[in-house]
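Values quoted throughout were computed directly from the atomic coordinates according to the rules given, and no laboratory measurement underlies them. The model shown is predicted, which means the values in this text are computed figures rather than measured ones. Using ideal geometry, Cβ is built from the backbone for each residue, glycine included, and neighbour counts are taken over all protein chains shown.
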Amino acid sequence: MPSAEHVSQTFPYGISGKTPPSLTKINYEGQPPYHKHRINLRLFQGCPQIEISEGGRLWATWFGSNVQAERAPFHKDQFSVIATSADDGQTWKEVFVFDPSELLGAGASDPMLWKDPQGKVRFIGMRNIDLKGQDEFASSAWEFTMLDAEAEYPQWSEPRLLGNKNISVMKPLIFRDGTIMRSMDDFKLVGKPDKVRIRFLKEAADGKPIFVSHLPVDNDAVFAEQMPIIRKDGSLFTFYRAKKGQKYAESTDGGRTWTLGGYYPMQFSINTKCILKTLPSGAVMLVANDVQMKEEEGKRTYYYTDDGGQPRELTKHKTARTRMTAYLSDDDGKTFSHKLLLCDDGQISYPSTTLGKDGSIYIVYDQGRGVIGQHTIFLSKITEADIRAGEVVSEGSFLNTVVSRPSDQGGGRREGDSI
């Protein structure tokens, strides 16, 4: 918590949208065993993020609930879990939660982990309070920095208020000079036509704002979840989520202005999140749902294209959110000529990635957030060589290790549970 002298603790008018939240330590030696965040109470979880410390300790976060599925806009009864692994992702321990419920029943959504230019791991928690329309910071993003990311229970900085936009779904873009660009979205404006929603915040290395820019209005955009990369010529390129796939945008002035390019020719991640990442080799990795869609007489058919170029209709999991796949581009995202299927076991969505110092690629994603026996967070560890080969060929690579599955610990949704 902030110090007793902090303005948030001495301000005389009670809780506001700018009252700082805190993190809660869990599963420590001596903690009472029946605390409310224990995993065997959890019946819904999803939207994971992954990061790695300079020393190789893995960190993951996701949100969950003991009583319900996700409920926007205030996400009441939701909290975010922070877990860590010291053995390359084979075993995990939940060590902190971001649970703002004690402040007027606030709920958490869309947590994020990322590593700043100095190598420090940061956590962003999105807090949502129903302040009856009287406070423009009813939804607010708060950032905590780990002071020792090699420790199982690190110390944290005081929380920093980032803003009242959703700013915690996509990792910031780091420029060579140490400046960063954060992706933002006004989720409260989703579905409201002709409103500017999709924005970027450029910050100096010390956090001082440099500029805010935005994409031109596109009423096809849903929760945009844009994640730009820097191309070899210095221009910026990003996909953003749309109703029938992914659209793209480009900037030639460092992100100050953007030009829309329409739907990308290859259809993937239909109305769901994908991520872009430039690898050390200069190749661009895309992690996305390898599913296409046809609409005929109001009926949607989901399919994928096999290695021979033939369409194959999905018969078991008829959804756009399956077949999580890692793609590789050698031409700055113009085409993606290599791919490796990571997981097609059910409804799979919301990838996040980070890179190890040895070139390893860590990718997390969720499975069946509220589905009985699922609600799983998976981790795959691969290399660029694996993607190029279309199969796992590197020593140490693996697919679909379980980070968290409440039903393995006596929790999870059961028959008859209505969420």
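Quick notes on this one:
- Amide H partners (placed H, <5 Å) of I15, local residues excluded: none
- Computed FRET value (nearest 0.05) for M266 with R160, which takes r as the C-beta separation and R₀ as 35 Å: 0.35
- HN-Hα J in Hz across the stretch 167-172 - Karplus 6.51, -1.76, 1.60, θ = phi - 60°, x for Gly and Pro: 9, 10, 9, 10, 5, x
- Computed lengthening from E152 to K334, 0.36 nm per intervening residue step minus Cα-Cα distance: 61.4 nm
- Residue-averaged [θ]222 nm for the chain, counting only DSSP H segments that reach four residues, each worth -39500 (n - 2.57): -500 deg cm²/dmol
- Note on the stretch 259-373: semi-axes of the ellipsoid equivalent to its C-alpha gyration tensor, largest first and rounded to whole Å, are 24, 19, 13.
- Highest-first arrangement of 98-108, 163-173, 21-31, where packing means the average Cβ count within 10 Å: 163-173, 98-108, 21-31
- Sequence ranges 272-278, 392-398, ranked by mean other-Cβ count within 10 angstrom, highest first: 272-278, 392-398
- Using the Karplus relation 6.51 cos²θ - 1.76 cosθ + 1.60 with θ = phi - 60°, the per-residue 3J(HN,Hα) values for the stretch 267-272 come to 8, 7, 6, 6, 6, 7 Hz, with x marking Gly and Pro.
- Relative packing of peptides 183-189, 296-302, 228-234 - highest average C-beta neighbours within 10 Å first: 183-189, 228-234, 296-302
- A simple rule links phi to the HN-Hα coupling: the Karplus curve 6.51 cos²θ - 1.76 cosθ + 1.60 with θ = phi - 60°, which for the stretch 344-353 gives 10, 8, x, 7, 10, 7, 6, x, 8, 9 Hz, with x for Gly and Pro.
- Cα centroid separation, the stretch 280-300 to the stretch 350-419 (Å): 19
- The calculated FRET efficiency for the pair E295 and E391, based on their C-beta separation and a Förster distance of 25 Å, comes to about 0.15.
- Amide proton proximity set for T272, modelled H, under 5 Å, gap of 5+: A242
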